[in-house]
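Data first, discussion second: the structure below is written as C-alpha cells.
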C-alpha cells in the first residue's frame with residue numbers, strides 16, 4: 001500500500017531477501033543448479049586465465065580429432081583445437097548472449113507490457129494487437145528473417161532474438177501487471193496525483209517483480225538455445241569464434257568418428273539450460289508468499 | 001517432485017555418457033556376411049536406388065536451365081546426348097557415332113546412329129537433333145549457349161553440323177552433357193504434357209514421380225547400347241551424407257553422391273561399400289573481388305604465398321593434399337597443362353610482399369558458404385600468421401554468389417571450373433568485359449591478346465597465344481589456386497560399371513551398372 005511498508009515477499013527489505021534465500025536453500029536441487037551455474041560463470045569469466053584465447057582458435061594439423069586425454073581433457077576438434085578451451089570460451093558468448101538478450105527483451109517487455117496494462121483502453125489494444133501480429137510469426141522464423149536481412153554476427157543475432165522475444169515478454173509482463181494495477185494502493189496513488197510514470201516504476205513493477213524474475217530466468221535458458229540454434233545453421237557467431245551452437249554444427253559431420261566433438265558442447269548447452277530452469281523453479285517457490293508463511 | 005527432477009538429471013547424464021561409449025568403433029551391420037550373401041542382397045533386387053544431390057523439379061530439359069530444378073542424374077537416364085564420357089572423362093560416341101571438323105575449322109560434323117528409336121517408338125534422326133537444339137536456342141534460360149555454339153543444321157537424315165561460336169569452345173565435352181535429345185513427336189503434344197511424360201532415347205524410361213519427388217524409371221529393353229541389368233531405378237531426393245551412408249550400409253540404397261569427405265573414413269572401414277574418389281574439372285580457389293586487392297598487387301601476392309594449400313586440403317578432409325600446380329584445373333587445361341607451372345606456399349615471400357603492400361592492418365572479409373568453413377579457418381590462420389586480419393562471413397549459397405558482384409566481398413572461396421569451359425574461356429573471364437573483369441587486375445595488353453586468342457583458328461598459333469595469356473594472368477595474381485577439387489560417390493561393393501570421372505559433372509550412366517562377376 002502507498003505510504004506503508006507492506007510485509008510482502010517482493011518488498012526489497014534486507015530481512016525479506018534473507019527469507020527468500022532461506023526458502024531457496026531448502027530446495028537442494030536448485031542450490032546444486034546455482035553452484036553449477038556459478039562454476040560455469042567463473043570458468044567463463046576467467047577463461048583467458050585458464051586457457052589462452054589464441055590457442056583455441058589456432059589450427060593445429062598434427063592434433064586433429066584426438067579423443068579426451070590428460071593433455072586435452074575434452075579432446076580436439078577437426079581443426080586440431082582444444083575442445084575444453086573452446087567450450088569454456090564459448091560459455092562467454094552463450095551466457096552473455098542469454099543474459100543480455102533477456103535483459104533487453106525484459107526491458108522492452110516491461111515498457112510495452114506495463115504501459116498496456118496500466119493505461120488500458122486504446123493504448124492496450126494497439127500495443128497488444130501489434131504484439132499479436134508479431135506472435136503469429138514463428139519465433140525462430142522471425143529471428144532467422146531478421147538475421148538474414150541484417151547479416152550474421154553477434155550484433156544482428158542479438159537484435160533479432162530481442163525483437164523476436166519482446167512479444168512474449170510483453171504478454172507475460174502485461175498479465176502480471178494487470179493483477180497489480182487493480183490494487184487499491186495504485187488507485188490511491190492516482191487519486192493523490194502521482195505521475196503515471198512514477199506509479200509504474202515505483203509501485204507497479206516492484207510489486208510484479210517476482211514472477212517477472214522467474215520467467216526471465218527460464219527465458220535465459222531458452223535464449224541460450226536459440227543462439228546455439230542460429231549459430232548451428234551458420235547465421236550466428238562466425239567461425240573460428242568458439243560458440244556452443246557453432247561447435248555443434250561443425251561436429252555433426254564427425255558424429256560417428258569423433259563423438260566427443262558433439263558430446264561436450266551439447267552437454268554444456270544442456271547443463272546450462274537445465275541450471276537456469278532449475279534456478280527458476282527454485283525462485284518460484286522461494287518468492288511464493290505462501291511459502292513465507294511456513 | 002525434487003527427487004523426480006534429480007532422477008531426470010541423472011538419467012540424462014547417463015544417457016549422454018552412454019552415447020559417448022557407443023562412439024567407439026562399432027561393427028557395421030553386415031560385416032560378417034559372406035560375399036555370396038552380399039551379392040544376393042543387390043543381385044536379387046531388381047531396383048537400383050540412387051540418392052541424388054537435388055530434387056528433380058522437372059524432367060523437361062528444353063524449357064528450364066540447369067540451375068532451376070533440373071536433376072541431371074535423372075536426365076542422363078531418360079535421355080542421351082550426342083556424345084558420352086568414357087572412364088577417363090574423354091567424350092566418346094553415343095547418339096553420334098563419329099565426327100570431324102569442317103575444312104575451315106569453324107564447325108563440327110556429327111554422324112548419327114541410324115538404329116536408335118525414342119521410347120515412344122518414333123525414330124531418332126537429324127530432325128530430332130535440330131529440334132532439340134533449336135528449342136535450347138529459343139529458351140531465354142538456355143540461350144547463353146550461343147556464346148559456345150551458334151547453330152545446329154541438318155546436313156542429311158543422319159548428319160548434323162554444329163557451328164562453333166569461338167575457335168576454342170570445348171564442344172565435345174559440351175555435347176556429352178547436352179542438349180538432351182527429346183522426341184519431337186512427344187514434345188509437340190505440349191511442354192506441360194511432356195514434363196509429366198518425358199520421352200528420350202535413354203537406357204531407362206520414365207515411369208512415375210511420386211509426391212515424395214522420387215523418380216521411378218524402368219529399363220528400356222531396346223536400348224541401342226544394350227538393355228540395362230537393373231530393370232528399375234529409383235532416384236531419391238537428397239539426404240545428409242551420414243544418413244546416406246547408413247542407408248547404403250542397410251541396403252536401402254545403392255549409390256550416394258557428393259558424400260562429405262569426413263564420411264569417407266567410415267566408408268573405408270566398411271568392406272561392403274566402395275568410395276570412388278577422383279579429381280574433376282575444378283580447382284578450389286581463393287579469389288579477390290574488391291579493394292584493397294584490386295589495386296594492391298603486393299597484397300594479392302602476399303596472400304597468394306601465405307596460403308598453405310596442403311593444410312587447406314587436409315582440413316577440408318580431401319583424400320589427397322596435392323597443391324594446385326596449374327592456374328586452371330588440369331582436365332580443363334588438357335593439352336595446355338604443360339605450358340605453365342605455378343608457385344605455391346612460401347611464407348617468406350608472403351611477408352616480403354606484405355611489407356611492400358599498402359595494407360594498413362584493417363580487417364578484411366572472407367565470404368564463404370557453409371561447405372567452406374574449414375578451409376576458410378585454415379586460410380584465416382595462414383593470413384593471420386603473417387599479420388593480415390581476416391573475418392569470416394558465412395552466407396547461404398544464393399547470397400554468397402550475389403556478394404561477388406556488389407563490391408563488398410573482398411575475398412571468397414569457391415570451386416571454379418567445369419568440363420564445358422576451355423582454358424581460353426577461363427582466361428576470358430578476366431578480360432575487361434569478362435565476368436570478373438570489373439574487379440580484377442587487367443591491362444589493355446591482356447585484353448588485346450585475348451582478342452587474338454578468340455579469333456585464332458589455327459591450333460598451333462593459338463597455343464602460343466594462350467601460353468602468353470597464361471603468363472600474363474598468372475602475374476596478375478588475381479586468384480589463389482589451392483588444390484584440385486575432388487568429388488566422390490559411394491556405392492555398394494557388389495556393383496560395377498561406374499564411370500569414375502564423369503560424376504564430377506553429375507553424369508552417371510546407370511544403364512551400365514550391374515553386379516560384379
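Annotations for the structure displayed:
- Segment B:117-171 and segment B:386-457: distance between their alpha carbon centers, rounded to Å: 29
- Size descriptors for segment B:240-319 (Cα atoms only): Rg and Dmax, in that order, 18.4, 56 Å.
- Using a simple spin-label model with pseudo-atoms 7 Å out from Cα toward Cβ, residue B:114 and residue B:150 lie 3.2 nm apart.
- Over 17 Å [Cα-Cα, segment B:50-168], rounded percent: 63
- Size descriptors for chain B, from the alpha-carbon set: Rg then Dmax equal 25.5, 91 Å.
- Projected label points at residue B:342 and residue A:39, each 7 Å from Cα along the beta carbon direction, are separated by 5.2 nanometres.
- The largest-to-smallest principal axis extents of the Cα set in segment B:157-291 are 53, 51, 31 Å.
- The slack between residue B:298 and residue B:252, meaning 0.36 nm per residue of separation minus the straight C-alpha distance, is 11.1 nm.
- Straightening the chain between residue B:438 and residue B:138 buys 105.1 nm, computed as 0.36 nm per residue apart minus the Cα-Cα spacing.
- Relative to its residue count, segment A:35-143 spans a Cα convex hull of 147 Å³ per residue.
- With a Förster radius of 56 Å applied to the C-beta separation of residue B:54 and residue B:475, the computed FRET efficiency comes to 0.90.
- Dimensionless Rg over Rh [chain A; C-alpha; Kirkwood]: 1.05
- FRET efficiency for residue A:26 and residue A:270, using Cβ-Cβ distance with R0 set to 25 Å, rounded to 0.05: 0.45
- Taking a point 7 Å out from the Cα of residue A:48 in the direction of its Cβ, the residues of segment A:82-99 whose backbone N falls within less than 14 Å of it are A:89, A:92-93.
- Spin-label pair residue B:447-residue A:60: with each label point 7 Å from Cα along the Cα-Cβ axis, the two points sit 5.2 nm from one another.
- When chain A is treated as a Gaussian network with alpha carbon springs shorter than 10 Å, the biggest mean-square fluctuation among A:22, A:92, A:174 belongs to A:22.
- Relative intensity, log₁₀ I(q)/I(0), of segment B:193-266 from a Debye sum that treats every alpha carbon as a point, q = 0.13, 0.19 Å⁻¹: -0.51, -0.89
- Kirkwood hydrodynamic radius (C-alpha pairs) into Stokes-Einstein, segment B:312-466, 10 °C and 1.306 mPa s, D in µm²/s: 89
- Across all C-alpha atoms in segment A:178-217, the radius of gyration and Dmax reach 11.0, 36 Å.
- Contour excess over end-to-end distance, with Cα ends at residue B:192 and residue B:157 and 0.36 nm allotted per residue: 9.8 nm
- Cα centroid separation - segment B:279-311 against segment B:461-488, whole Å: 13
- Gyration tensor verdict on segment B:465-517 (Cα atoms; rounded if a/c is under 1.5, prolate if a/b is larger than b/c, oblate otherwise): prolate
- Convex hull (Cα only) mean projected area of segment B:102-148, reported in nm² to one decimal: 4.6
- Shown here: segment B:407-481, whose C-alpha atoms stretch 41, 29, 19 Å along the first, second and third principal axes, sorted largest to smallest.
- Angle between chain A longest axis and helix A:28-45 axis [Cα atoms, degrees, rounded to 10]: 60
- Enclosed volume per residue, in Å³, of the convex hull spanned by Cα atoms of segment A:216-294: 88
- Axis angle, to the nearest 10 degrees, between helix A:139-150 and the longest C-alpha principal axis of chain A: 70 degrees.
- Pair-distance distribution P(r) for segment B:296-404, from all Cα-Cα distances in 10 Å bins starting at 0: 14, 36, 39, 11, 0 percent.
- An ellipsoid equivalent to segment A:70-217, defined through the eigenvalues of its Cα gyration tensor, has semi-axes of 40, 19, 10 Å when rounded to whole angstrom and sorted largest first.
- Reduced Cα scattering model of segment B:379-441, Debye log10 I(q)/I(0), q = 0.15, 0.27 Å⁻¹: -0.64, -1.16
- Zero-based 10 Å bins, Cα pair distances in the protein assembly as shown, whole percents: 2, 11, 17, 19, 18, 14, 9, 5, 3, 1, 0
Taken together, the values in this text are just the output of simple stated rules run on the coordinates, not laboratory data. As the structure is a computational prediction, the values presented were derived from the model and not from experiment. For neighbour counting, all protein chains shown are included, and Cβ atoms are generated from backbone atoms with ideal geometry for every residue, glycine included.
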